[in-house]
Amino acid sequence: MQKKKSKYLWILSAVTVVFVLFIWWLVTDGLGIFTSNTLPSPIKIVQAFIKKLTDPNPDGATLGAHLLSSLKIVLSGYLLGVVIGIPMGIVMAWYEKADLMIRPVFDMIRTVPGIAWVPVMVVFCGIGFTSKAIVIFIGAVVANVINAYSGIKQTKQVHLWVGATFGASNWQLLTKIALPSAFPMIINGLKLSLGGAWTTIVAAELLASNRGIGYMIQQARGILRPDIIIVGMFVIGIVGSLLMLPISLLEKKVMKGGKW
Amino acid sequence: MMGEQKTKAAGARVEVRNLTKKFGDLLVLDDISFNVEKGEFLCIVGPTGCGKTTFLNSLTRLYDLTAGEILVNGEAVDPKKHNISYIFQEYSAMPWLSVEDNIRFGLDIKGVPKQEAQENVEEMLEIVGLEKFRKQYPHQLSASMLQRVSIARAFATKPDLLLMDEPYGQLDIELRFKLEDELIKLWEKLGTTVLFITHNIEEAVYLGQNIMVLTNKPTKVKTVIPDEIPHPRDVTAPEFVKLRNYVTDMIKWW
Ligand SMILES: Nc1ncnc2c1ncn2[C@@H]1O[C@H](COP(=O)(O)OP(=O)(O)OP(=O)(O)O)[C@@H](O)[C@H]1O
Ligand SMILES: [Mg+2]
């Protein structure tokens, strides 16, 4: 009964999508309420997408080249932020001395939102790869530190006590109890910071860049090409959710026992 | 099944000397001294908030003592050295571990070899009747099953000293009776020293060899009542009812 019900529920979503596409088509190509210089029809968007795959005009690079440029920056900054941020959050939460040492600097950095770092980084490192990767890195470190830290801190006392009464060492308490306890929060940090990184890169490219999806959108805006803008938006959305996939898989795999 | 050698815990002797515990200005345990013999089953009863949990937390060194000392087999108690299991008053199964892995938890901490650990886990799964649920996770279990996981986890390490803090308080009567009998069986088989805290006088008289009655705060030992009724005990037998009433009176008249 339950299974049958959920099996066909996707039809509801499909109906909505088709409906929206139809209305979109109706107000553009169908009835001509909007011209293709303001809102291009879905068909024109698909055409623009296919063209942009191979055509470097009007912004100097194909869609793939822009996407690759954005992805490189996001993934370098993000992965480095994860690899440094998670252990740092754990160490700060578990060893009070580390917390006291790192916190003053960390608190200063974390109050500045990611995108606000762009101007100063551009001054330091120009508008290329490095400046944006550093901005992404800062944002990712902050989110991952905060989440790993709170995850460890939220470990239930009784769980630590179970370990302690069995004679667990400090290291065992950390690895066998605090870390698994913190896992949902750590995943949360991975997700938040990835979303943040992806947002930041597009914003940074809108502000200062010569390549990338954000740059492509910015150029298209300048020459009134809404079709390319919308292609860019779709690519941002789709790639953004594809990037989340590995994290969701990891979450599913480890959190077999449901949330905690 | 396992050899007799392995299944037998040593049974720890506990000496509590002038144990005092304060939280700030609040004096909870007031200069308490008593001994628990190897393999003894001691039930501890006392009014709500008198410091029963505080006593077990002090005994396991989760709390620092304000004064006095607690010795296990003649030396200062140390969970890293002494084989202790503690069943907490609240739910304590790890939500990220399956039933099986939860039961194995203490064995993992203690570095018990895989083969031996697995044998113990299998034995405990059977005793608490959770074999069919071994792959389930805590959030899929009922309250009583969660409690049985904690019990199995505590017993799996074959502790010399088993501490139980109102472990059956949340369970319905039928299951309580069943788990009380299982506990007695395990105790008889393992030779573990058991400290069992309960609010339920009938439960104390049903289980204990001795029943320790605590006073209100600041808490002292009011009396220790021996319970020599042979197992299996019958809660309706006249001698049982008589002892139960006696313990009730001891608790009532401060
Ligand atoms: N960590 C703590 N900090 C401060 N006060 C505490 C702490 N733990 C317990 N107390 C106080 O010590 C007293 C004894 O508490 P405890 O939990 O040991 O009682 P209990 O006999 O186990 O009660 P119950 O029957 O409700 O389980 C209470 O007044 C409680 O408020
Ligand atoms: Mg208590």
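Here are the numbers:
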{"quantity": "Selection status of B:LEU207, within 12 Å of the chain's Cα centre (by Cα) and within 16 Å of ligand 2 (Cβ to nearest atom)", "calculated": "no"}
{"quantity": "Qualifying residue in the range B:222-242 (condition: surrounded by fewer than 20 Cβ atoms within 10 Å (Cβ to Cβ), modelled with pLDDT under 90 and among the basic types (Lys, Arg))", "calculated": "no"}
{"quantity": "Given (1) open to solvent by 30 Å² or more (accessible area, probe 1.4 Å); (2) within 11 Å of another protein chain (Cβ to nearest Cβ); (3) away from ligand 1 (no atom under 16 Å from the Cβ); (4) not basic (Lys, Arg), index of the condition B:ILE84 fails", "calculated": "(1)"}
{"quantity": "Subset of the range B:50-78 that is within 16 Å of ligand 2 (Cβ to nearest atom) and of a type in the set (A, V, I, L, M) - its residue that is surrounded by the fewest Cβ atoms within 10 Å (Cβ to Cβ)", "calculated": "B:LEU62"}
{"quantity": "B:GLU180 being away from ligand 1 (no atom under 16 Å from the Cβ) and within 24 Å of B:ASN57 (Cα to Cα)", "calculated": "yes"}
{"quantity": "Single unsatisfied condition, A:THR175 versus (1) of a type in the set (S, T, N, Q); (2) open to solvent by less than 30 Å² (accessible area, probe 1.4 Å); (3) at pLDDT 95 or above", "calculated": "(2)"}
{"quantity": "Helices (runs of 4 or more DSSP H) (entirely within the range A:154-250) containing at least 2 residues that are closer than 30 Å to B:PRO95 by Cβ and away from every other protein chain (no Cβ under 14 Å)", "calculated": "A:179-207"}
{"quantity": "Test: residue in the range B:27-34 that is open to solvent by less than 10 Å² (accessible area, probe 1.4 Å), within 12 Å of ligand 2 (Cβ to nearest atom) and touching a helix residue (DSSP H, G or I) at 6+ places or on another chain (Cβ under 7 Å)", "calculated": "yes"}
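Residue-wise test of (1) outside the structural domain of B:LYS189 (by TED's automatic domain parsing); (2) polar (S, T, N, Q); (3) more than 16 Å from ligand 1 (Cβ to nearest atom); (4) assigned to a helix (DSSP H, G or I).
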| site | (1), (2), (3), (4) |
| --- | --- |
| B:GLY11 | no, no, yes, no |
| B:ASN18 | no, yes, yes, no |
| B:LYS22 | no, no, no, no |
| B:LEU27 | no, no, no, no |
| B:ASP30 | no, no, no, no |
| B:THR54 | no, yes, no, yes |
| B:LEU62 | no, no, no, no |
| B:LEU71 | no, no, yes, no |
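The values are calculated or read from the model by the stated rules, or taken from the named source; none is laboratory data. This one's a predicted model, so the numbers in the text were calculated from it and none came from an experiment. Note that we place each Cβ from the backbone using ideal geometry, even for glycine, and neighbour counts take in every protein chain shown. Just the protein is used for accessible areas: all its heavy atoms, side chains included, with ligands, DNA and RNA removed. Shrake-Rupley method; radii C 1.70, N 1.55, O 1.52, S 1.80 Å.
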